[in-house]
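The values are calculated or read from the model by the stated rules, or taken from the named source; none is laboratory data. Note that the coordinates shown come from a computational prediction; the quantities given were computed from them, not determined experimentally. We place every Cβ from the backbone using ideal geometry, glycine too, and count neighbours over all the protein chains shown. The protein model used for the area step is the full one, side chains on, heavy atoms only, and it has no ligands, DNA or RNA in it. Shrake-Rupley method; radii C 1.70, N 1.55, O 1.52, S 1.80 Å.
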Amino acid sequence: MPDELRPIRMEVGVHRNADGSAYVEWGENKVLAVAYGPRELHPKHKQHPLKALVQCIYNMAAFSVGDRKRPGPDRRSQEISKVCSEALTHVVFVEEFPKATIDVYVEVLQAGAGTRCVGLTAASLALADAGIPMKGLVTACAAGKVGDRVVLDLSKEEDNHGDADLPVGIVVNTGEVVLMQMDGHLTKGEFDEAMGLIDGATRKIYEMQVAALKCKYQEVGE
Ligand code: UDP
């Protein structure tokens, strides 16, 4: 089905040593996000006198894909870290924490297409779990084109044969778009169709994020 999401499962508060954490399974993806902070940024020359730095560090484990991935940072993970850091900076009330850093580590344990969307969705949950003040959660989902059809949330198979991929991160409660990238080519009509699918999907995923947070805090309150 072109408007179908792969199965998604989310859990918050899964890591004992972190200030906040989340684990998301989405299709074949398995992603852990852990958040730390706000804490003083070192080295000091990187500090901003008026606001916090939000740093998202995306990493794909060597065992996360069929062919072993070379461990450590590469251009792709640096790019994903950068766009996710920028997306999260838009929602965190950074002015409340001058000179501080807020760090989120996104570890892809198993990868199967769309990991940046899963990672960003998990990262904002981990920040919320850490109690970081934010104007909203970031919810991300991609749509793409397979043959001449616009399809939501491409699987690995579809991604391999796909002609375009459009990952988008949205703050659902304000409607702001905080991440948008495009691989390949979409016509204006196809782009609008893809954005329509992403809009509907992110609303559903947002409800799951809220439910995951409520689930943890209801348990704590009991
Ligand atoms: N992938 C891989 N090896 C790599 C990088 C990516 O097998 O070194 C796979 C992985 O399943 C990933 C997919 O290719 O989810 C698509 O990668 P892309 O760069 O489009 O990012 P993503 O869709 O994961 O955000």
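List every residue pair whose Cβ atoms sit under 6 Å apart, with the two residues 6 or more apart in sequence or on different chains, where the first one lies in the range 61-74 and is more than 7 Å from the ligand (Cβ to nearest atom) and the second, anywhere, is open to solvent by 100 Å² or more (accessible area, probe 1.4 Å).
62/68
Consider residue 81 against the criteria (1) out of contact with any helix residue (DSSP H, G or I) (no Cβ under 9 Å at 6 or more places or on another chain); (2) more than 13 Å from the ligand (Cβ to nearest atom); (3) not aromatic (Phe, Trp, Tyr): it satisfies all of them except one. Which criterion is unmet?
For residue 81, the exception is condition (2).
How many residues, within the range 184-206, are over 19 Å from residue 26 (Cβ atoms) and surrounded by 15 or more Cβ atoms within 10 Å (Cβ to Cβ)?
Going through the range 184-206 one residue at a time, the tally reaches 5.
Could you say which residue among 52, 87, 33 is over 20 Å from residue 201 (Cβ atoms) and open to solvent by less than 20 Å² (accessible area, probe 1.4 Å)?
Only one candidate passes the filter, namely 52.
Condition test on residue 152, is it of a type outside the set (Ser, Thr, Tyr), in contact with a Cys (Cβ under 9 Å, 6 or more places away or on another chain) and more than 28 Å from residue 53 (Cβ to Cβ)?
yes
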